[in-house]
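First up is the structure itself, then whatever we jot down about it.
The values are calculated or read from the model by the stated rules, or taken from the named source; none is laboratory data. Everything quoted here is computed from the prediction, not taken from an experiment. Here Cβ is always computed from backbone atoms with ideal geometry, including for glycine, and neighbour counts include all displayed protein chains. What goes into the accessible areas is simple: the full protein's heavy atoms, side chains included, and nothing from ligands, DNA or RNA. Shrake-Rupley method; radii C 1.70, N 1.55, O 1.52, S 1.80 Å.
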Amino acid sequence: MKESVIENISEVKVPSIEVEIQPEVVKKEKSRLWVYLVLIPLIFLGDRGIGAFLEYLTMSSNIRYSKLYNGKGEADIVILGNSRGNGYYEPEIRRITGKTTLNLSYNALPGDVGQVLIEDYFERYKAKLLIVDVSLVMKTEDPVITSFRPYISESEKMSALIHKVSPATARGCQISKLYQYNSELFHRALYYLGKQEGDWILDKQIKDELLIHDNLADSLNVVITKKGLDNLKAIADAAKKHNAKVEFVIAPYHSIWLNKIYNIKDFLAAVKNHTGVEVRDYCRFTNDKTCYSDYLHLNKKGSLLYMKQLQDDGVFALK
Amino acid sequence: MIFNSIHFLEFILIFIPLYYFFKGKLRLWFTLAASYFFYGYWDYNFLALVLASTVFEYNLALYIEKTEDEKKRKRLLITSIVFNLVILGFFKYFNFFIDSTNSVLGLFGTGTIHNTLHIILPIGISFYTFQAISYTTDVYKRKIKAETDFAAFSVYSIFFAKLTAGPILRAHDFLPQLKTDQKFTWDNFETGLARVLLGFAKKIIIADSLGSFVGTAFAFPDKYSSLYLIIGIIFYSFQIYCDFSGYSDIAIGIARILGYRFPENFNFPYLAKNFSEFWSRWHMSLSSWLREYLYIPLGGNRNGKFNAYRNLMITMLLGGLWHGANWTFVVWGGLNGVYLVVQRLILPYTERMGKIVPRQLFIPSAMIIVFLLTCFSRIFFRSNDFDSAFEMIKGVFAFNDMSFGHLPNKFVIIKNLGLVSILMILEYVHQSNDFEALVLKSPAFKIITFSAILWMIALFGTFSDSQFIYIQF
């Protein structure tokens with residue numbers, strides 16, 4: 001009986017399970033697998049590769065910050081300020097003093113970044129004179145701090161500052177090298193590839209209607225912060241430590257603006273008390289409308305006149 | 001919750017696997033719960049309103065279908081339309097109505113109405129109510145059957161992928177898709193993902209980058225030269241296009257990943273050669289809604305030219321008002337209505353001109369004219385009030401200081417011009433090549449597209465929490 005069962009079983013035909021897999025589907029899935037095997041490393045390698053090329057471009061640029069970090073920044077006179085600091089027109093200073101000059105000013109440059117730039121400068125080079133336009137510490141904008149991220153590979157201090165004010169930006173730079181160059185400063189660096197910076201000055205004149213009818217609030221004030229004053233003190237100390245002469249100045253304002261700032265004298269006194277450096281006050285240097293591009297900024301004509309005045313007053317005199 | 005937020009990324013990463021895990025009815029209820037969560041994340045106070053409205057529309061449509069008496073059916077349809085318009089009117093237009101009334105009363109020197117209500121506009125309400133109106137109208141016209149499955153109807157009403165800014169879905173397109181269990185396919189996933197990435201690229205790389213420039217131009221028209229303002233207005237047209245079409249791409253892409261097909265909302269509008277073509281390419285789901293549920297019921301092209309022009313003007317004026325509770329939107333709609341009417345009036349002359357002028361010259365010229373006039377109308381769309389709009393127009397037509405060298409923010413302008421140029425080249429190429437088909441067919445294209453979009457986002461993206469413009473409508 002048992003044997004017959006076994007015999008029967010051996011005769012049973014097991015139905016085969018046939019799964020019909022189309023060759024096209026197999027080919028498609030294989031190709032899909034290849035795509036992802038290529039895609040994922042490519043995204044990371046491409047990011048690093050293109051990022052390295054952008055770093056090379058940035059450091060080859062003639063923009064002031066690339067010069068600072070690529071070893072070509074040494075100068076007799078170093079200047080620091082916000083957008084108003086660009087009114088210290090570098091080619092003119094070179095012409096009237098015969099000295100090499102590096103202007104590290106930038107639009108809405110925060111005092112924190114100014115401090116890092118000056119400390120980095122004196123770690124790398126020597127200078128005879130540091131001129132700081134103290135209006136630098138009147139306003140701080142975090143986005144401007146993070147826009148200096150193209151230089152974090154060159155400066156530990158800049159990297160630490162960006163990490164402090166915006167951990168997300170710092171993390172973004174770690175994840176993507178390309179994100180490090182997602183900044184207006186990188187675009188400016190590209191612009192000054194193979195081109196000198198001599199055009200960094202405003203060339204227009206303030207609109208007449210802004211002189212007749214201003215849209216300003218009745219009273220404006222300078223927010224005097226301890227942090228800003230600390231930045232100025234650290235900047236002055238870094239220069240003094242390296243035997244550079246320090247000049248604190250404040251560039252001219254048009255009277256329409258200036259007359260509404262009720263505490264500018266308090267600000268200048270606070271700077272003197274905190275840093276021990278007297279501020280040379282040029283706030284009321286001129287009210288000639290042809291010298292201004294707006295209430296706050298001298299144009300090229302105003303800048304040339306202002307530079308001559310600084311020369312006459314001995315601001316550019318070196319140690 | 002907005003698409004370009006980390007919360008949405010977390011939400012969608014949890015939602016997609018669970019969506020495919022659930023099957024049948026359970027999937028519908030899960031999608032519904034997720035959609036309510038999505039909406040409630042923004043403001044849970046309005047969940048009750050959405051639920052009440054859904055229940056009301058669901059039952060009303062069933063009742064319309066059951067009713068044989070035509071008069072009664074019509075009354076029920078009117079009830080539905082009035083119900084939706086009252087919701088829309090109260091939340092969106094109440095303050096506008098009070099302010100406008102006060103302005104008129106002020107002219108006569110009489111007292112004004114004191115408005116003590118501080119009404120918050122529920123997000124996506126304009127899209128939601130229009131979709132509801134189209135549904136009951138279609139049931140009334142017996143174009144579709146009233147939906148009996150409450151879960152399916154609710155998902156159709158409040159599906160998170162299209163809730164905040166469309167596209168406005170038609171019941172006959174979307175409800176049948178909800179009735180079948182969509183299976184996960186890599187083709188859907190990849191084409192959907194490519195579309196989502198494209199949408200993010202448009203929003204983060206172009207729209208947000210243009211936005212900061214546009215913001216300064218419109219905020220201080222008296223401070224900048226005419227050239228700066230002209231660039232600002234042109235950039236605004238690209239900003240709003242990339243912002244809204246980017247949103248639509250993300251919505252369409254998410255739906256595709258989930259196995260659904262949403263209708264297209266844009267079809268290269270800035271390549272339009274006339275205004276009718278522009279409106280058949282721009283915000284297509286709204287344009288077709290207005291045509292089907294407003295323009296045609298008003299009489300459409302029937303009953304002579306004058307009535308057709310009148311209907312066109314009414315449609316465009318109301319279309320303008322739909323965008324926002326401000327007379328500037330009405331003027332924007334009106335201007336576009338005038339463009340359409342004038343285009344019809346001068347059609348014989350333009351046709352004759354088209355035969356005389358070489359095609360290579362005529363078509364680009366027509367595109368540029370349509371684009372520039374569209375840009376002009378958008379001054380009213382973007383300005384907060386008429387004073388700002390006229391200040392802008394005054395600044396532009398003063399034609400003072402047209403030198404590029406004198407422009408501030410040149411780097412930003414050059415970057416944005418570069419981005420806009422890349423966009424237009426891609427649009428032009430894309431017009432004759434099916435993006436989705438290329439993603440599916442060519443592995444090399446897929447690799448290049450995915451990598452390039454991610455690199456571009458890293459290198460040019462603006463990473464802020466900026467809202468999509470059309471969410472406010």
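Could you check, for region B:405-416, whether at least one of its residues is in a helix (DSSP H, G or I), open to solvent by 90 Å² or more (accessible area, probe 1.4 Å) and either closer than 30 Å to A:Glu184 by Cβ or at pLDDT 90 or above (or both)? No. Which condition from (1) surrounded by fewer than 22 Cβ atoms within 10 Å (Cβ to Cβ); (2) more than 14 Å from chain A (Cβ to nearest Cβ); (3) at negative phi is the one that B:Arg142 breaks? The one condition B:Arg142 does not meet is (3). Do we have any residue at all in region A:118-132 that's open to solvent by less than 40 Å² (accessible area, probe 1.4 Å) and closer than 23 Å to B:Val412 by Cα? Checked against the condition, which is being open to solvent by less than 40 Å² (accessible area, probe 1.4 Å) and closer than 23 Å to B:Val412 by Cα, region A:118-132 yields no hits at all.
Mind checking whether some residue in region A:200-215 is within 20 Å of A:Ser155 (Cα to Cα) and open to solvent by 40 Å² or more (accessible area, probe 1.4 Å)? The answer is no; no qualifying residue exists. Which one is farthest from the other protein chains (Cβ to nearest Cβ), of the residues in region A:19-32 that are at pLDDT 70 or above and surrounded by 10 or more Cβ atoms within 10 Å (Cβ to Cβ)? This residue is A:Val26. When restricted to residues that are assigned to a helix (DSSP H, G or I), free of Cβ contacts under 8 Å to residues at least 40 places away in the same chain, over 18 Å from B:Phe153 (Cβ atoms) and more than 30 Å from the chain's Cα centre (by Cα), region B:60-93 contains 4. Of the helices (runs of 4 or more DSSP H) lying entirely inside region B:306-388, the ones with 3 or more residues being modelled with pLDDT of 90 or more and open to solvent by 50 Å² or more (accessible area, probe 1.4 Å) are found at B:327-345, B:359-382.
Set side by side, the residues B:Ala152, B:Ala194, B:Ala165 differ, and just one is surrounded by 14 or more Cβ atoms within 10 Å (Cβ to Cβ) and modelled with pLDDT of 90 or more, which is B:Ala152. Counting the residues of region A:50-77 that are more than 10 Å from chain B (Cβ to nearest Cβ) and either over 27 Å from A:Trp200 (Cα atoms) or in contact with a strand residue (DSSP E or B) (Cβ under 9 Å, 6 or more places away or on another chain) (or both) gives 9. The residues listed here are B:Asp187, B:Asp208; of these, the one that is open to solvent by 30 Å² or more (accessible area, probe 1.4 Å) and acidic (Asp, Glu) is B:Asp187. Of all the residues in region A:217-245, those that are open to solvent by 40 Å² or more (accessible area, probe 1.4 Å) and either at positive phi or in a loop (DSSP other than H, G, I, E, B) (or both) number 9. Within region B:454-471, track down each residue that is within 14 Å of chain A (Cβ to nearest Cβ) and either part of a loop (DSSP other than H, G, I, E, B) or surrounded by fewer than 17 Cβ atoms within 10 Å (Cβ to Cβ) (or both). Result: B:Gly461, B:Thr462, B:Phe463, B:Ser464, B:Asp465, B:Ser466. For B:Ala251, the conditions (1) open to solvent by 10 Å² or more (accessible area, probe 1.4 Å); (2) within 22 Å of B:Ser157 (Cα to Cα) are fulfilled apart from (1). If you check B:Leu18 against the conditions, is it out of contact with any Leu (no Cβ under 8 Å at 6 or more places or on another chain), modelled with pLDDT of 95 or more and surrounded by fewer than 18 Cβ atoms within 10 Å (Cβ to Cβ)? Yes: the conditions hold for B:Leu18. Taking (1) in contact (Cβ under 8 Å) with a residue 40 or more places away in the chain; (2) within 9 Å of chain A (Cβ to nearest Cβ) in turn, B:Leu419 satisfies each apart from (2).
Among the residues of region A:190-212, those identified as more than 10 Å from every other protein chain (Cβ to nearest Cβ), in contact (Cβ under 8 Å) with a residue 40 or more places away in the chain and hydrophobic (A, V, I, L, M, F, W, C) are A:Leu193, A:Trp200, A:Ile201, A:Ile206, A:Leu211. Check whether at least one residue in region B:213-230 is in contact (Cβ under 8 Å) with a residue 24 or more places away in the chain, open to solvent by 20 Å² or more (accessible area, probe 1.4 Å) and within 18 Å of B:Phe3 (Cα to Cα), and report yes or no. Taking every residue of region B:213-230 in turn, none turns out to be in contact (Cβ under 8 Å) with a residue 24 or more places away in the chain, open to solvent by 20 Å² or more (accessible area, probe 1.4 Å) and within 18 Å of B:Phe3 (Cα to Cα).
Residues that are closer than 16 Å to B:Phe411 by Cα and at the interface with chain B (Cβ under 9 Å from one of its Cβ atoms) were ranked within region A:175-184; the one that is surrounded by the fewest Cβ atoms within 10 Å (Cβ to Cβ) is A:Glu184.
Confirm whether B:Lys394 is within 12 Å of another protein chain (Cβ to nearest Cβ) and open to solvent by 70 Å² or more (accessible area, probe 1.4 Å). Yes. The lone criterion from (1) of a type outside the set (A, V, I, L, M); (2) in contact (Cβ under 8 Å) with a residue 12 or more places away in the chain; (3) more than 14 Å from every other protein chain (Cβ to nearest Cβ) left unmet by A:Glu123 is number (2). On the stretch given as region A:247-282, residues that are open to solvent by less than 20 Å² (accessible area, probe 1.4 Å), of a type in the set (S, T, N, Q) and in a helix (DSSP H, G or I) total 1. Scan region B:431-442 residue by residue and report those that are open to solvent by less than 50 Å² (accessible area, probe 1.4 Å) and either assigned to a helix (DSSP H, G or I) or touching a residue at least 60 places away in the same chain (Cβ under 8 Å) (or both). Within region B:431-442, B:Phe435, B:Glu436, B:Ala437, B:Val439 meet the criteria. Screening the candidates A:Thr100, A:Thr140 for the property of being open to solvent by 10 Å² or more (accessible area, probe 1.4 Å), on the phi < 0 side of the Ramachandran plot, modelled with pLDDT under 90 and more than 14 Å from every other protein chain (Cβ to nearest Cβ) yields one hit, A:Thr140. Looking across region A:185-199, the residues that are in a loop (DSSP other than H, G, I, E, B) and open to solvent by less than 40 Å² (accessible area, probe 1.4 Å) come down to A:Tyr192, A:Glu197, A:Gly198.
Checking the structure you have, find out if any residue of region B:180-189 is more than 14 Å from chain A (Cβ to nearest Cβ) and basic (Lys, Arg).
Yes, there is a match, as at least one residue in region B:180-189 is more than 14 Å from chain A (Cβ to nearest Cβ) and basic (Lys, Arg).
Set side by side, the residues A:Ser60, A:Ser66, A:Ser105 differ, and just one is of a type in the set (Gly, Ala, Ser), open to solvent by less than 10 Å² (accessible area, probe 1.4 Å) and more than 30 Å from A:Leu220 (Cβ to Cβ), which is A:Ser66.
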